[in-house]
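Before I ask anything, here is the structure I am working with.
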Amino acid sequence: MVLSYKKVVVLLVVPFVLNGAALKEIMSLTLKRSETIKSLNYDIKSKEQALKSVSNIYSPTLSAGATHTIVNLDRPVNVVGATTTGFLKFDATLYDGGKNLAQKRAKESELRSANFSKDNSIRGILLQEITLFYQIKSIKQSIVAYEEKSKSLYAEYKREKEKYDIKMVTKDEVLKLKSEYESNRYIIDELKQQKESLLETLSLLCGQKISSVDDSKIKEPKSIAYKQSSAIKALQESIKVADENIKLAKALKKPKVKVEDTLSAYGYSDYNAMVLKDLPDMQNRVTLSFNITLFDTSTSAKKESALLAKMAKKEQLNYAVKKEKTNFKIAYQKLLTQKRKIVSAKSALITAKSTYDIIKTKFQNGIVDNITYLDALSKMTLYSAQYHQALNEYEIAKANFYFSSGLEYKEILKLIF
């Protein structure tokens with residue numbers, strides 16, 4: 001029973017922490033668990049209900065009520081003392097200058113805009129996760145490089161200390177290696193702290209604890225043409241909302257036609273039945289009303305405000321389209337640059353490693369001093385970290401290129417392996 005209990009505990013604990021998490025797995029979890037995305041979903045549902053509230057442009061209503069009226073001071077003989085009325089009332093707007101239709105269309109555009117904005121927010125979150133993922137990988141690989149440096153430094157420190165113990169080298173040569181070793185350990189600790197910080201941020205975004213990441217890659221880009229993103233589509237819908245707001249302002253001065261049908265039932269008490277005869281027990285009253293605003297002080301200002309709001313949205317749209325196209329070009333150039341950086345970084349690493357191997361042998365044979373050795377070791381470590389960083393930045397550049405092209409995030413998910 002004890003073993004079974006332990007197995008149950010392990011099964012309960014393991015799913016809450018992802019070790020060696022794959023990028024696609026993290027992004028899929030985000031789509032299901034992200035509190036930001038859940039918030040956006042609630043916002044969309046709210047707008048769906050707002051649309052339902054104005055879907056019938058005639059705004060029909062059916063209401064019921066009752067009144068009880070008492071007249072008890074200086075009441076003429078031909079007036080009822082107490083009247084109870086129950087009523088059922090139906091009313092509908094036959095024409096309101098286009099106000100209700102404009103409201104409906106505005107809510108439809110607001111809903112579409114919210115959906116596009118949600119899509120754009122998801123794209124932003126996923127791109128942020130990809131960036132964090134490969135930044136974590138870069139730091140992880142830097143830690144490996146600096147730990148390798150620590151091993152080399154410690155080995156040389158021990159070797160030099162043995163020489164110092166038999167008076168073959170001076171104390172400062174040993175201390176220099178020890179100091180460099182301690183400094184290197186400090187860098188490793190800093191890198192580990194940075195990695196944990198990024199892992200925490202990534203965990204917060206996807207809604208699950210992540211302790212490490214795997215070696216996920218993104219497919220090489222092929223010929224991809226730019227297309228407008230969901231952010232542009234959201235702005236286009238906001239312009240449609242502005243158009244409907246202009247119509248709403250214009251509708252204020254247009255005629256309104258309304259129909260009302262009221263069915264009333266009456267009850268009486270405290271009255272002179274000899275004087276008041278044939279009091280109605282039930283009546284149905286139909287009213288058709290027409291009105292038009294001849295003058296007000298606010299309509300023109302509201303119309304002008306709506307026009308200016310539309311102009312502002314159009315300027316935002318024009319800038320956003322230009323910016324997206326520019327970002328797409330920059331993302332493509334960044335992709336090419338990162339490819340070249342990988343080649344350069346690899347060449348630098350190969351040269352630094354060859355140089356280090358030669359200098360290491362010379363140092364161990366006393367041909368060069370420890371300063372030359374440490375410089376060669378530091379360069380090899382640095383170039384190793386830079387090479388792996390270039391590889392990971394190339395993955396980020398690929399993601400940026402895909403996202404800036406306007407490709408849907410569901411399609412981008414398929415490109416991760």
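Which aspartates and glutamates, if any, have their Cα less than 20 Å from the Cα of LYS254, not counting same-chain residues under 8 positions apart?
ASP91, ASP96, ASP243, GLU244, ASP296, GLU304
With 19 Å as the limit, write out which pairs from LYS140/LYS195; LYS107/LYS258; LYS247/LYS322; LYS38/LYS325; LYS227/LYS339 have Cα-Cα distances beyond it, or answer none.
LYS107/LYS258; LYS247/LYS322; LYS38/LYS325; LYS227/LYS339
With an 8 Å Cα cut-off and a minimum separation of 6 or more residues, compute the relative contact order for the chain in percent.
With pairs under 8 Å counted, the relative contact order is 26 percent.
Relative to the Cα centre, what is the charge dipole magnitude of the range 100-206, using +1 at the beta carbon of each Lys and Arg, -1 at the beta carbon of each Asp and Glu, and rounding to the nearest 20 debye?
340 debye
So for the chain, taking the charge dipole from beta-carbon charges (+1 Lys/Arg, -1 Asp/Glu), which of SER212, TYR154, LEU308 sits furthest toward the positive end?
Highest projection toward the positive end goes to TYR154.
Using the charge dipole of the chain (Lys, Arg: +1 at Cβ; Asp, Glu: -1 at Cβ; taken about the Cα centre), state which of LEU279, SER109, ALA390 has its Cα farthest towards the positive end.
ALA390
Based on the mean of other beta carbon atoms within 10 Å per residue, what is the order of 286-295, 219-228, most packed first?
Ranking, from highest mean packing down: 219-228, 286-295.
So which of LYS158/LYS353; LYS233/LYS329; LYS233/LYS410; LYS192/LYS410; LYS137/LYS398 end up more than 27 Å apart by C-alpha?
Beyond 27 Å between Cα atoms: LYS192/LYS410.
How much length, in nm to one decimal, is gained on full extension between SER347 and GLN228, taken as 0.36 nm per residue of separation minus their Cα-Cα distance?
Value of the extension gain: 38.9 nm.
So how many Lys-Lys pairs in the range 272-318 land under 29 Å Cα to Cα, not counting same-chain pairs under 8 apart?
5
Then there's this: Please give the charge dipole size of the chain, origin at the Cα centre, charges +1 on K and R Cβ atoms and -1 on D and E Cβ atoms. Round to the nearest 20 debye.
Roughly 1380 debye for the chain.
Same structure, new question: Of the heavy-atom accessible surface of the range 141-235 (probe 1.4 angstrom), what whole percent is carbon and sulfur?
52 percent
Express the relative contact order of the range 112-256 as a whole percentage, based on alpha carbon pairs under 8 Å and six or more residues apart in sequence.
Normalised by residue count, the contact order of the range 112-256 is 40 percent.
What value, in deg cm²/dmol to 500, does the helix sum -39500 (n - 2.57) over DSSP H runs of n ≥ 4 give at 222 nm once divided by the residues of the chain?
It lands at -23500 deg cm²/dmol.
Find the accessible area per residue for the chain; the probe is 1.4 Å, ligands and nucleic acids are left out, and the unit is Å².
That works out to 60 Å² per residue.
Quick check of the Kirkwood formula: for the chain, what is the inverse mean of 1/r over all pairs of different Cα atoms, in Å?
For the chain, inverting the mean 1/r across all distinct Cα pairs yields 29.3 Å.
In Å³ and rounded to a whole number, note down the convex hull volume per residue for the Cα atoms of the range 220-272.
Looking at the range 220-272, the number lands at 270 Å³ per residue.
Right, here's the next one. What is the local net charge at LYS341, summed over the other residues whose Cβ is closer than 15 Å to its Cβ (Lys, Arg +1; Asp, Glu -1)?
Neighbour charge sum, excluding LYS341 itself: +3.
Next question. Percent of accessible area on the range 337-417 owned by carbon and sulfur, 1.4 Å probe?
Taking all protein chains in place, the range 337-417 shows 57 percent carbon and sulfur surface.
Put +1 on the Cβ of each Lys and Arg and -1 on the Cβ of each Asp and Glu in the range 181-255; which of LEU191, LEU252, ALA231 then has its Cα farthest toward the positive end of the dipole?
The residue sitting most towards the positive pole is LEU252.
I've got another one for you. How big is D for the range 363-417, in µm² s⁻¹ as a whole number, if Stokes-Einstein is applied with the Kirkwood radius of its Cα pairs at 25 °C and 0.890 mPa s?
Here the translational diffusion coefficient equals 170 µm²/s.
Moving on to the next point. Label points 7 Å out from Cα along the Cβ direction at GLU315 and PHE87: separation in nm?
5.1 nm
Compute log10 of I(q)/I(0) for the range 175-326 with the Debye formula, placing one identical point scatterer on every Cα and leaving out solvent, at q = 0.14, 0.16, 0.21 Å⁻¹, to two decimals.
-1.01, -1.08, -1.23
Quick check: the distance between the Cα centres of the range 298-334 and the range 274-288, to the nearest angstrom?
61 Å
Find the all-direction average of the projected area of the Cα convex hull for the range 140-216, expressing the result in square nanometres with one decimal place.
Mean shadow area of the hull around the Cα atoms is 5.8 nm².
Beyond 23 Å, what share of the Cα-Cα pairs of the range 265-417 remains, rounded to the nearest whole percent?
Of all Cα-Cα distances in the range 265-417, 72 percent exceed 23 Å.
The values are calculated or read from the model by the stated rules, or taken from the named source; none is laboratory data. Computed from a prediction, not measured in an experiment: that's the story for all the values here. Here the Cβ is made from the backbone with ideal geometry for all residues, glycine too, and neighbour counts use every protein chain on show. For the accessible areas, the whole protein counts, side chains as well, though only heavy atoms, and no ligand, DNA or RNA atoms are used. Shrake-Rupley method; radii C 1.70, N 1.55, O 1.52, S 1.80 Å.
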